[in-house]
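Inspection log for the structure reproduced underneath, given as structure tokens.
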Amino acid sequence: QVQLVESGGGLVQPGESLRLSCAASGSIFRIYGMGWYRQPPGKQREWVAQVTLQGATNYADSTKGRFTISRDNAKNTIYLQMNSLKLEDTAVYYCHAYIQAAGEFSARDYWGQGTQVTVSS
């Protein structure tokens, strides 16, 4: 059983920072790409950032320059450092990973349960 567990959400004021973490656990053979998505209130889920197995990163235009994604392969964990938070960053943030579980022939998508980030003055 493979699980993704997020942590680090909370309530902050505009301009402040938060750091999210996502740890993968279970019977994992290999983790490929990992990333973050978010779902603002009343809107569809949207992609935020991703990091490849080799450490290459990509960001949505709305988060570029403010958010930094990083990965610790030894801990099967990714992080999302969010700086200069804006009201419109309010959302439930979901961790995503493309994982090949032990004993399986191919990788598939896994999702965390989500963590709430609220930016409010």
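The values are calculated or read from the model by the stated rules, or taken from the named source; none is laboratory data. This structure is a prediction, so every number in the text was calculated from the model and none was measured. So basically every Cβ, Gly included, is an ideal-geometry build from the backbone, and we count neighbours across all protein chains shown. The accessibility values were calculated without ligands, DNA or RNA, using every heavy atom of the protein model including side chains. Shrake-Rupley method; radii C 1.70, N 1.55, O 1.52, S 1.80 Å.
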inquiry  = Taking the condition of being part of a strand (DSSP E or B), without any contact (Cβ under 8 Å) to a residue 40 or more places away in the chain and open to solvent by less than 30 Å² (accessible area, probe 1.4 Å), how many residues in the range 62-121 meet it?
reply    = 2
message = Suppose we filter the range 20-59 for residues that are charged (D, E, K, R) and surrounded by fewer than 15 Cβ atoms within 10 Å (Cβ to Cβ); how many remain?
response = 3
request  = Determine if the range 39-61 includes at least one residue that is closer than 17 Å to Ala24 by Cα and aromatic (Phe, Trp, Tyr).
outcome  = no
ask   = Across the range 65-89, what is the number of residues that are farther than 23 Å from Phe29 by Cα, touching a Lys or Arg at 6+ places or on another chain (Cβ under 9 Å) and of a type outside the set (Gly, Ala, Ser)?
value = 8
